[in-house]
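Notes follow the structure.
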Amino acid sequence: MPPPRRPGRLNPRARRPALPRLLFAAALLLLLGAAGLRLAVERGGVWPEPGPAMPEEVAREGSGEPPARLAGPAEVVDADTILLAGRLVRLEAIDAPERRQPCRRADGSPWACGEAAAEALTAFLRERPVVCTLQGSDRFARLVGR
């Protein structure tokens, strides 16, 4: 027979209240959701623009048709993405830091590497006509071009 319970003493087998665990889980989900939303916005939007992932003028591989091209003055969005003829075009085989991405130098000092990369591409494209051969589209519904 178990000993009688004394007033004020907790039963060691009693369940812990669920409220603190639920509050922790809810806070964690909110933080993860906010981080995901920020990442999606930085990468070009939460939802892709309506419409086809690739414009009709992009030739399918093996069709024998020449690939489509966009041409004109380009505006730099990031060091790997430009706005050309009103369309976002991600540069194929280029992986550069996002415009607001910070880096650290070897001595530990901060460096705005994303901004520097975008400025370098802007300087390179200044006063030059841009002709981009379209290759398809990426998972964010941006055209991919060379």
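Nothing in this text is a laboratory measurement; each read-out follows from the coordinates by a stated rule. Since we're looking at a predicted model, the values are computed, not measured. Neighbour counts are summed over all protein chains in view; Cβ atoms, including those assigned to glycine, are modelled from backbone coordinates with ideal geometry.
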Region 73-117 - convex hull of alpha carbons, volume per residue in Å³: 65 Å³
For region 69-145, with +1 on Lys and Arg beta carbons and -1 on Asp and Glu, the positive-most of V77, F124, C103 along the dipole: V77
Relative contact order (%) - criterion: Cα under 8 Å, at least six apart; region: region 66-136: 38 percent
For region 69-145, the fraction of alpha-carbon pairs in successive 5 Å shells from zero, as %: 3, 16, 24, 23, 16, 8, 5, 4, 1
Where trypsin sites (Lys or Arg not before Pro) fall in DSSP loop in region 71-109, at most 14 other Cβ within 10 Å: R100, R105
Gained length - V130 relative to W111, 0.36 nm times residue gap less alpha-carbon distance: 3.9 nm
Dipole magnitude of region 69-145, debye to nearest 20 (Cβ charges: Lys/Arg +1, Asp/Glu -1, about Cα centre): 160 debye
